[in-house]
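Readers should treat all values here as calculations from the given coordinates under stated rules, not as data from a laboratory. This structure is a prediction, so every number in the text was calculated from the model and none was measured. Every residue, glycine among them, receives a Cβ derived from its backbone with ideal geometry; neighbour counts consider all protein chains shown.
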Amino acid sequence: MDKKIKVIPCSGIGKVFGLLARESVLKTVLELCPEKSETICLAYIVSGDEAVNEKIAKTRCITVDGCPKMCASKNVALAGGIVIEEIKVLDTVKEHKGKNFGSATHLDADGEVVVNEIAEKIAIIINEIN
Ligand code: SF4
């Protein structure tokens, strides 16, 4: 079995919460836990590609979603991934009420703070289980 945990963000476009999800995942897999984790593009999973389905099936996954629609979590589960943790960007955003996180294409300093907090939460989970 592929040991690397798959950390998969939703594809939220047009709102800062999607950008927060994607940046948090990149921070995790590229900087905090590059040996233990990797990411896969959600659109690739949703397209039903055989190679990616094989990669994700019965594999431990952490999903990061930008809104209650939970697109990443739902589609990873549909593809056969084992969702061991559903990270909700809004849970961390709520702890920073009134702050300006940026836009759909650019994070402000408070957005970076949220990204770091989410990435650290994911890294703790990864290090606990792997
Ligand atoms: S979870 Fe929300 S923000 Fe993310 S892709 Fe789905 S609808 Fe868009």
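Some notes on this structure:
- All aspartates and glutamates inside 16 Å of LYS74 as judged from Cα atoms, apart from same-chain residues fewer than 8 positions distant: ASP65, GLU85, GLU86
- For the chain, share of DSSP beta bridges that run antiparallel, in % to the nearest 5: 10 percent
- Flagged links, alpha-carbon separation over 32 Å, of LYS3/LYS99; LYS6/LYS99; LYS55/LYS94; LYS3/LYS97; LYS55/LYS97; LYS4/LYS99: LYS3/LYS99; LYS55/LYS94; LYS3/LYS97; LYS55/LYS97; LYS4/LYS99
- From least to most packed, judged by other beta carbons within 10 angstrom and beginning with the fewest, VAL29, VAL93 follow the order VAL93, VAL29.
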